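Values in this text are rule-based calculations from the coordinates and carry no lab data. All of these numbers come straight from a predicted model, not from anything done at the bench. Cβ coordinates were reconstructed from backbone atoms using ideal geometry, including for glycine residues, and neighbour counts include every protein chain displayed.
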Amino acid sequence: MTTIGRMHRAAFGILLISLFLGSSLAGCGSIVGSVRSQSLGRDPVFLEGSFVESAFSNDPEGGVRFVLSDTPVQEVRNDPLHEGQMLTIELLWLPKAGATPLKPTGTNATIHHVIISKGEVGVYTGAGFVILDGSPEDETVHVSVRDSSLRLHQATSGFVDLLTPAQLTGAFRSVRDDQKAQDLHRAMNRAARELTARR
């Protein structure tokens, strides 16, 4: 479910084509949202991802966490993900309509974006500004992510990074489902653990 924007280097193009094919075969649900990452270099590189799973948890102690996957949750619960993208957004505080100034440099969320292709893994981290259409107390919310910064945090040796530094924007719909959010987050952590073991 990942599409390719303008590519300028063959190695990264191969990586993203592989990601596109793997995700297209795996994804069989309806799309709940998409994000777009754009490199900030002179020759912009775009990576667009469409997600079929999105769930959030609202824990008084842990806060609000949104987790997205371009692979159905049943396929990532027990088996490691070999192709695809997963995204976690941790909400730090809620903007209040009419009271919170929307500054270009403002941030209220942290972001972890995992990209996996042919078993090679890249973990991007950053921060950005997230706006909710709805409340974390609702069963369903619509989320808008604005101009979030991303950098490669860690990767396996074969992963090719042409995004860093990058900007991520997007929008998605998310349902409140603690178990699904936990399952998706565990799958994301499992990919990161495997990455650490192979570095």
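Some observations on this one:
- Between ASP138 and ARG190, the FRET efficiency from the beta-carbon distance, with R0 = 25 Å, is close to 0.25.
- Shape call, the range 40-189: gyration tensor on alpha carbons, a/c limit 1.5: oblate
- Using only alpha carbons, the range 48-88 has a radius of gyration to Kirkwood radius ratio (Rg to Rh) of 1.03.
- Computed E for ALA171/ASP79 - FRET, C-beta separation, R0 22 angstrom, nearest 0.05: 0.15
- Sites ARG36 and GLU61, calculated FRET efficiency, Cβ-Cβ separation with R0 45 Å, nearest 0.05: 0.85
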